[in-house]
1. So residue A:5 fits all but one of (1) surrounded by fewer than 17 Cβ atoms within 10 Å (Cβ to Cβ); (2) over 23 Å from the mean Cα position of the chain (by Cα); what number is the exception?
2. Do you know which of the residues in segment A:138-186 that are surrounded by 23 or more Cβ atoms within 10 Å (Cβ to Cβ) and not in a helix (DSSP H, G or I) is farthest from the other protein chains (Cβ to nearest Cβ)?
3. Just to be sure I understand, how many residues within segment A:99-133 are under 13 Å from the mean Cα position of the chain (by Cα) and assigned to a helix (DSSP H, G or I)?
4. Got a number for residues in segment A:22-70 being aromatic (Phe, Trp, Tyr) and either under 24 Å from residue A:261 (Cβ atoms) or within 25 Å of the chain's Cα centre (by Cα) (or both)?
5. Would you point out which residue out of A:83, A:93 is within 8 Å of chain B (Cβ to nearest Cβ) and more than 14 Å from the chain's Cα centre (by Cα)?
6. Select, from A:276, A:354, the only residue that is buried (at least 19 other Cβ atoms within 10 Å of the Cβ), on the phi > 0 side of the Ramachandran plot and more than 14 Å from chain B (Cβ to nearest Cβ).
7. Could you tell me which of the residues A:86, A:102 is of a type in the set (Val, Ile, Thr), at pLDDT 85 or above and under 23 Å from residue A:245 (Cα atoms)?
8. Report yes if some residue within segment B:33-47 is at pLDDT 80 or above and within 23 Å of residue A:77 (Cα to Cα); otherwise report no.
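The values are calculated or read from the model by the stated rules, or taken from the named source; none is laboratory data. Please read these numbers as outputs of a predicted model, since none were measured by experiment. Heads up, the Cβs are rebuilt from the backbone with ideal geometry, glycines too, and the neighbour counts pull from every protein chain shown.
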Amino acid sequence: MSLPEFLKELFESWPLLGILPLWFYSLICILGLLFLFLFPFAGIAVYIERKIAGDIQARIGPNVVGPYGILQWIADALKLLLKEDIIPALADKKLFILSPMIIFLSGAAAYAVIPFAENVILANLNIGIFYLIAITSMVALGLILGGWASNNKWSLLGGMRAAAQIVSFEIPVALCILTAVLVAGTLDMTQIVKNQSPYHWNIFHNPFMFIAAFVYYIAALAEANRTPFDIPEADSELVSGYNTEYSGMRFAIFFLIEYAECFVICAVAATLFLGGWHPPFIDISGLALPLRMPLQVMVFMAKAILLLLVMMWIRWTLPRYRVDQLMKLCWEVLVPFSFVCLLGTAFWMALFKGKGVPEMIYALLGWGS
Amino acid sequence: MYTQFATVLIFLIIGAGMVPLILLVGKILRPSNPDPKKLTSYECGEEPVGGSWVQFNLRFYVIAILFLIFDVEVVLMFPIGATFRQWMISQAGKGLLVFAEVALFIGILLIGFAYAWGLRPPAQRKNHKPCPCLNF
């Protein structure tokens with residue numbers, strides 16, 4: 001069940017809320033997600049990233065606005081809102097305006113199928129993960145459009161690099177997702193999590209899935225243009241890449257969606273490989289619904305945020321790749337590895353009739369399921 | 001099920017409308033005094049030399065074609081992926097047959113991939129340059 005349906009059922013017998021149509025609940029949920037989760041989360045993620053960067057580089061990081069600088073992201077957002085919006089005279093105005101819209105659309109719409117908890121998913125599509133791949137790859141279109149429309153050499157190079165990189169790393173990402181789908185046996189995000197349990201996370205299903213999880217994470221890192229794969233916006237060579245000419249709120253949208261996308265990647269990794277809302281070795285499915293749902297959301301968020309922190313850690317530790325090294329890494333390492341994972345997992349499924357390593361160990365120890 | 005897609009549609013409409021809304025709020029609040037100098041393209045403080053809409057060596061053009069082939073393959077594999085587990089569990093004994101079919105499907109692509117990588121039989125290797133596709 002999706003969140004709008006769940007809310008409608010919850011308020012069925014209420015005097016005023018009961019007569020509202022389903023689409024109204026959908027609208028409320030979407031606006032709630034955008035304003036209460038997406039925007040603040042991206043802001044706080046920026047703050048946390050700057051703090052972590054400070055720690056890693058042995059400095060303090062933001063500490064002026066609010067206690068420990070915790071209100072820094074609000075100040076940043078206000079500053080960007082009050083900045084003058086400049087469209088270069090030579091730019092292609094229509095495409096220049098269109099580009100942030102496409103990026104926002106594709107970056108934010110991915111949140112529709114993220115299963116935060118059992119009933120907390122905006123749209124419980126039966127092709128959820130497929131929709132997610134489709135909608136997130138539209139970001140590449142926005143980036144190359146923005147790079148081209150700016151009529152700036154840095155932007156053009158950044159946009160071209162972004163397109164080549166995202167397009168290349170799309171392959172290992174999609175193949176690793178496919179590997180997880182083989183094990184899960186469904187494309188429905190909620191069902192993928194339900195098919196796992198606190199004792200059987202997909203990542204431990206077989207050795208190939210274990211590799212696939214890492215390949216997915218690395219490739220997804222590159223797809224989101226994060227360091228060490230951030231050559232499209234390499235500040236030391238390309239000023240700022242595809243968003244060189246963007247200023248004020250338009251720039252903020254690029255920035256926002258970068259962090260929003262990072263969370264999507266981590267959330268998908270948590271869903272496909274790390275058991276979604278199932279905590280390790282503790283079965284909470286017996287608890288009452290009002291208690292279970294917040295717990296599930298917390299477990300899911302904990303996993304996703306942990307992966308996000310690893311992402312930030314990687315960003316401030318590793319140096320940047322060169323363009324040809326990056327493409328080599330994709331086509332000569334990650335793609336073959338993900339094919340091996342795919343075929344290996346398929347072979348494992350055929351050989352052991354879908355049983356995973358944990359199930360075999362439990363059967364050996366006589367624990368039942 | 002269609003109600004779920006309706007939610008996605010609402011999301012897409014809101015997503016398309018959100019950016020103009022934010023920009024409108026910004027337009028009310030922010031200053032605006034354009035200046036011909038301000039509106040020039042950025043080129044590290046220099047006067048911009050020429051435009052950037054020039055003929056451009058697209059290095060990764062072949063990569064784009066490779067991507068298309070691989071992506072179509074992945075898309076075609078997804079229906080198999082969705083039902084693969086069911087086949088493995090219900091069709092006792094036929095699992096390996098299904099696997100062989102999947103492996104054949106992927107194998108054909110892998111031959112092409114090996115070619116793009118420049119892996120040739122040893123006899124041909126001497127006189128041919130490596131295939132340019134993945135020769136970064």
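1. Failed condition: (1).
2. A:150
3. Number satisfying all stated conditions: 11.
4. The total comes to 6.
5. Numbers: A:93 fails: within 8 Å of chain B (Cβ to nearest Cβ).
It is A:83.
6. A:276
7. Checking each option against the conditions leaves just A:102.
8. Looking through segment B:33-47, at least one residue is at pLDDT 80 or above and within 23 Å of residue A:77 (Cα to Cα).
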